[in-house]
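A.B. asks: First, the structure itself, so that you have it in front of you.
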Amino acid sequence: MNRKIVIAGGTGFIGKYLSEKFQADGYEVLVISRQPDHIQWDNEPEMVEALEQAELLINLAGKSVNCRYDKENKMQILKSRTETTTALGNAILKCKQPPQLWINSSTATIYRHAEDRPMSERNGEIGSGFSVNVAKRWEASFFSFDFPKTRQIALRMAIVLGKGGGVMQPLTNLVRFGLGGKQGSGNQMFSWIHIDDLYQMIIFLQEHKELDGIFNCASPNPVSNQQLMQTFRQVMEMPIGLPAPAWLLSIGAIFIKTETELVLKSRWVIPERLQAQGFNFKFPFIKEALGDILRLTKS
């Protein structure tokens, strides 16, 4: 019998990367999404069949937050997370041999704006506002289930850095055109994770069957926005980087239909639980991470 995992919401750059990695490791990978060639969210019998005897379920579903926070988008951001999580939980309840582990994505944005100290799972302070409320309700949906045979882990994910996805393209474009200076004050912290470390983290949590609950998914070495942009310029060998003050970012966000929170909120998150369990990062520092990703991009 094939070893099987299921990735829900697996059509973005993270889901595609994980699918390729697990397939290379010999897994059969089934994807739940709204695309016609995948298992559909409204087809519960097919979802149950996919989840039967799966070793692992990874849920990445959720509308991108890279948009304006108007009423319609806010509703879609919330529902695309909570309703898909509930649908997966209900499908697991109907399995005779349910997945051994369910990893649900969450977000490091759940913590408050922090420029004074890092946020760990044990000592982190939950913030306030729309994005935080979404994160809280997302995790509440996930942990509302209590399965006798399925471990549950919520990954509070920092910004995932990888080839061709996430923030890499817009930031490299800024640097390339000489606009890669600090954004806002530059003091806001940037927590991040290399996509390969995310994959290795999932493997680590799968193997350590005694672990469950909430884990911060971030490099142990977050950097300030100023350090981030400086490192981008160093790696890309661009000596000039004009800064972007907060007022200019606010105007620009309107034109490109996004929110300044994505750049200006200080996310200072550390993976205390993972480090305590002995997880080793392949890319613990931002310079090596960017060097690897940009090298892959060029090749």
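A.B. asks: Tell me which aspartates and glutamates have Cα within less than 14 Å of K16's Cα, excluding those fewer than 8 residues away on the same chain?
C.D. replies: Hits, sequence-local ones excluded: E28, D196.
A.B. asks: Given springs between every Cα pair under 10 Å in a Gaussian network model of the chain, which of L179, L248, L56 has the largest fluctuation?
C.D. replies: Per the Cα network of the chain with a 10 Å cutoff, L248 tops the list.
A.B. asks: Let me ask something else. Gaussian network model of the chain, Cα springs within a sub-10 Å range: biggest mean-square fluctuation belongs to which of V31, V223, V167?
C.D. replies: Of the options given, V167 has the highest mean-square fluctuation.
A.B. asks: Could you state the number of Å between the C-alpha centres of segment 176-235 and segment 18-93?
C.D. replies: One Cα centre to the other: 24 Å.
A.B. asks: Put a dot 7 Å past each Cα toward the Cβ at L93 and E20; how far apart are the dots in nm?
C.D. replies: Taking the two extended label points, one gets 3.8 nm.
A.B. asks: Then there's this: Provide the convex hull volume over Cα atoms per residue for segment 165-258, in Å³.
C.D. replies: Once divided by residue count, the hull of segment 165-258 is 127 Å³.
A.B. asks: Which of the lysines could a cross-linker bridge to K71, judged by Cα under 25 Å and excluding same-chain residues fewer than eight apart?
C.D. replies: K63, K79, K136, K257, K265
Only the coordinates and a few stated rules stand behind these numbers; no lab work does. A quick note: this is a predicted structure, and the numbers were derived from the prediction, not measured. So basically every Cβ, Gly included, is an ideal-geometry build from the backbone, and we count neighbours across all protein chains shown.
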